[in-house]
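The values are calculated or read from the model by the stated rules, or taken from the named source; none is laboratory data. Bear in mind that the values here come from a model prediction, so they are computed numbers and not experimental data. Quick reminder, even Gly has a Cβ in these numbers, built from the backbone with ideal geometry, and neighbours come from all protein chains shown. All accessible areas refer to the heavy atoms of the entire protein, side chains included, with ligands and DNA or RNA removed. Shrake-Rupley method; radii C 1.70, N 1.55, O 1.52, S 1.80 Å.
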Amino acid sequence: SYTTDMKSREENKKTLENLYSLSVDITKIRRLKEWVLLQDVAYVKEIAGILQEMGADETTVANIIERCPEAILHTPAEINSQRALWQLVCQNEKQLIKLIEQFPESFFTTEYQQNQKANILFFQELGLKNNIITRFLTSAPNIFYNSVEKNKNVIETLQRNYLNLGGSEANTKIWILKLLSQNPFILLNTSTAIQEKLEFLQKNDFTDQEVLQLLSKLKGFIFQLNSTTVQKSMLFSKNIFKCSDQELKQLVLKCPALLYYSVPVLEERLEGLLKEGISIAQIRETPMVLELTTQIVQYRIKKLSALGYNIKSGNLESLNGTKKDFEVTYGKIQSKKERPIFNPVAPLHIED
């Protein structure tokens with residue numbers, strides 16, 4: 001809404017002077033968003049003043065403006081409203097300024113303030129903790145652009161399906177809060193799309209209980225699945241592992257990535273594993289290893305091999321899990337290897 005023909009316009013001298021006085025690197029702004037410097041009106045001093053009031057020092061103010069130059073085009077009233085809004089979930093202004101420095105674009109998007117406020121209050125009412133809501137504001141800001149009615153509809157659809165699939169009434173709230181905190185982007189789906197995805201899984205012979213299991217395991221990413229991609233991926237897995245429909249279902253329940261990843265991704269990961277001397281039978285036994293990229297697999301195999309652990313004859317479980325899980329497994333194998341054969345403090349039985 002701010003840009004016009006840039007060539008025919010000159011940079012605003014007053015804006016430049018004010019930015020220089022704040023030690024802002026103007027070349028960064030020219031490279032990033034030069035159009036900001038061409039605007040007739042900018043609130044450089046005022047926005048800097050509000051940030052300083054919140055506890056930002058000169059370097060922090062400069063850093064924020066360099067990363068999000070359009071901040072200076074907002075009126076002080078808009079920014080003060082946004083400040084009050086974010087304070088509903090921030091512990092104090094120190095935390096708020098830290099968030100603004102890390103995620104300036106999220107803070108300086110002020111067009112949806114009414115929706116933001118209504119959604120913050122709705123999420124609090126739902127039972128989401130403030131630290132989770134602040135994480136949403138910074139890393140998933142577009143869920144706040146939805147009207148609160150739209151977000152309510154999606155949540156009601158999820159709750160209704162959870163109960164229809166056999167979930168317990170008592171556990172519904174905990175389940176929905178966990179699902180949202182794991183993947184807030186669920187709210188970007190429509191109620192109809194959610195319904196269709198669940199029905200698609202049921203048509204593929206997954207029982208209600210299994211659909212529920214996949215819902216929890218896929219952390220809501222189930223709603224981003226593409227029906228065509230899923231069909232192709234399942235057929236590919238069935239052919240590679242030479243299994244029946246029932247066996248394939250069990251593999252998918254163990255490793256939902258078989259649904260989630262496209263055929264080229266699965267091919268690349270299988271190829272990487274086979275190159276390391278791992279057999280199809282081993283992968284079928286522990287399909288979760290396909291959730292890891294080829295680079296991660298290679299790195300982990302190298303580390304385990306250095307300890308003398310032979311992955312070709314061993315169990316692939318040792319490769320699995322998050323970085324933290326792997327470090328625990330690696331530590332156990334390492335300590336086992338370093339453990340002395342005999343107990344040095346045990347008494348020695350020597351014959352007279």
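Below 15 angstrom from the Cβ of residue 15, what's the summed charge of the other residues (Lys, Arg +1; Asp, Glu -1)?
Counting the neighbours of residue 15, the net charge comes to -2.
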Worksheet item: How high is the relative contact order of the chain, in percent, counting Cα pairs under 8 Å that sit 6 or more residues apart?
Response: 8
Worksheet item: Could you give me the ³J(HN,Hα) list for segment 151-167, computed from phi with Karplus coefficients 6.51, -1.76, 1.60 and θ = phi - 60°, whole Hz, x at Gly and Pro?
Response: 5, 4, 4, 4, 5, 5, 4, 4, 4, 4, 5, 4, 5, 5, 7, x, x
Worksheet item: Rounded to the nearest 20 Debye, what is the dipole magnitude of segment 10-110 about its Cα centre when Lys and Arg each give +1 and Asp and Glu each give -1 at the C-beta?
Response: 160
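Relative contact order for segment 10-110 using alpha-carbon pairs under 8 Å, separation at least 6, rounded to a whole percent? Could the numbers behind the result be given before it?
On the way: 98 pairs, mean separation 29.1, N = 101.
For segment 10-110, the relative contact order is 29 percent.
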Worksheet item: Which peptide among 91-100, 163-172 comes first, and what is the full order, when sorted by highest mean count of other Cβ atoms within 10 Å?
Response: 91-100, 163-172
Worksheet item: Between segment 85-105 and segment 225-270, what is the C-alpha centre distance in whole Å?
Response: 42
Discussion item. What figure, in Å² to the nearest 10, do you get for the accessible area of residue 296 with a 1.4 Å probe and non-protein molecules left out?
Written reply: 70
Discussion item. Please check: in the Gaussian network model of the chain (C-alpha springs, under 10 Å), which one of 294, 109, 27 has the largest mean-square fluctuation.
Written reply: 27
Item to complete: Enter the accessible area per residue of the chain (Å², integer; probe 1.4 Å; all protein chains in place).
Response: 55
Worksheet entry | Per-residue ³J(HN,Hα) for segment 55-68, Karplus 6.51 cos²θ - 1.76 cosθ + 1.60, θ = phi - 60°, Hz, x for Gly and Pro | x, 7, 8, 4, 5, 5, 4, 4, 4, 4, 5, 5, 7, 9
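Tally up the carbon and sulfur contribution to the accessible surface of the chain as a whole percent, 1.4 Å probe, everything protein left in place.
Ligands and nucleic acids excluded, carbon and sulfur reach 51 percent.
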Item to complete: Between beta-carbons, use under 13 Å as the cut-off and find the net charge around residue 60, counting Lys and Arg +1, Asp and Glu -1.
Response: -3
Discussion item. Run lengths n ≥ 4 of DSSP H only: what is the helix-derived mean residue ellipticity at 222 nm for the chain, with -39500 (n - 2.57) per run over all residues, to the nearest 500?
Written reply: -18000 deg cm²/dmol
Worksheet item: Once phi is turned into ³J(HN,Hα) by the Karplus curve 6.51 cos²θ - 1.76 cosθ + 1.60 with θ = phi - 60°, what whole-Hz value does each residue of segment 76-85 show in order, with x for glycine and proline?
Response: x, 4, 4, 6, 5, 5, 5, 4, 5, 5
Fill in: Proximal charge balance of residue 211 [Cβ under 10 Å; K/R count +1, D/E count -1]
-2
